[in-house]
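Taking it in order: structure first as structure tokens, then the write-up.
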Amino acid sequence: MGAPAAPSSHPDNQKAAAFWGATSSTQQQHPYLVYSPAEKPAGSPMESILHVFNSWTNKAETLGNNIWNNLKTNSSVSGAAWGKMNLTAKAISEGGFESLYKQTFTTYPNEKLKKRFTCYLSTATGPVAGTLYLSNIHAAFCSDRPLSVAAPSGQETWSYYKVAVPLNKIVGVNPVVMREKNPPPEKYIQVVTVDGHDFWFMGFVNFDKAVKHLSQGIFSMVTPAVAV
């Protein structure tokens, strides 16, 4: 798998990548990556979704444009839309996003989900579409769907791309805006850890709101109990 990386590490980090190639050694070397085996996703999403969003964005204003820009970050717009729809359906079936979050990641008894953000994670092999979760203990990211992973044997396997960072390991949340004079500007949130790792998130529906809540989250974290 491509390790989390700055946007400049791959030319497609301004678009979405549907898949990411990887080896298990990358997962073992990075302290915040979580390996989560999964079944190969079902066939191609319905292309009609693309037309629905095309029509919708012609009438939408600021919020609508932001949502559309988030979807357009993916090289397959219909694939991105389908991934979001599947995620919402899964959250409903699992009892809500807090329940889904606790089933997706190892959590603590006193851990509560505070916010979630649709976005992309910049990696060395391109951006990965998913959801950034903010709890009172972690900042965690999970891809919308399983991605292709090359096992050491060479066999293709599938895994969700997950990152889990304890808030007490985060030393900085930095908003970065590039190409301000050449609209639309590229907006990123860089999350820096105490041990020198950093994560670049992009494609937020509400960039300013995400910056605000992530920054506040560092200062309002609680001491975790025993993980469950």
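No other residue among Lys115, Lys102 is more than 11 Å from the chain's Cα centre (by Cα), part of a strand (DSSP E or B) and charged (D, E, K, R) apart from Lys115. For the condition surrounded by fewer than 22 Cβ atoms within 10 Å (Cβ to Cβ), in contact with an Asp or Glu (Cβ under 9 Å, 6 or more places away or on another chain), touching a residue at least 60 places away in the same chain (Cβ under 8 Å) and not hydroxyl-bearing (Ser, Thr, Tyr), Ala150 qualifies.
For the condition at pLDDT 90 or above and not in a strand (DSSP E or B), Pro184 does not qualify. Pairs are defined by a Cβ separation below 8 Å, a sequence spacing of at least 6 or placement on different chains, a first member in the range 126-144 that is within 10 Å of Glu111 (Cβ to Cβ), and a second member that is part of a strand (DSSP E or B); the pairs so defined are Ser135/Leu113; Ser135/Lys114; Asn136/Lys114; Ile137/Pro166; His138/Ala164; His138/Val165; His138/Pro166. Can you tell me which residue is surrounded by the fewest Cβ atoms within 10 Å (Cβ to Cβ) among those in the range 190-213 that are in contact (Cβ under 8 Å) with a residue 60 or more places away in the chain, part of a strand (DSSP E or B) and touching a helix residue (DSSP H, G or I) at 6+ places or on another chain (Cβ under 9 Å)? Among those residues, the one meeting the criterion is Thr193. Taking the conditions (1) open to solvent by 20 Å² or more (accessible area, probe 1.4 Å); (2) modelled with pLDDT of 55 or more in turn, Asn58 satisfies each one other than (2).
The values are calculated or read from the model by the stated rules, or taken from the named source; none is laboratory data. Bear in mind the structure is a predicted one, so any value in this text is a computation, not a measurement. Glycine gets a Cβ as well: all are built from the backbone with ideal geometry, and neighbour counts include every protein chain shown. With ligands, DNA and RNA removed, areas are computed over all heavy atoms of the protein, side chains included. Shrake-Rupley method; radii C 1.70, N 1.55, O 1.52, S 1.80 Å.
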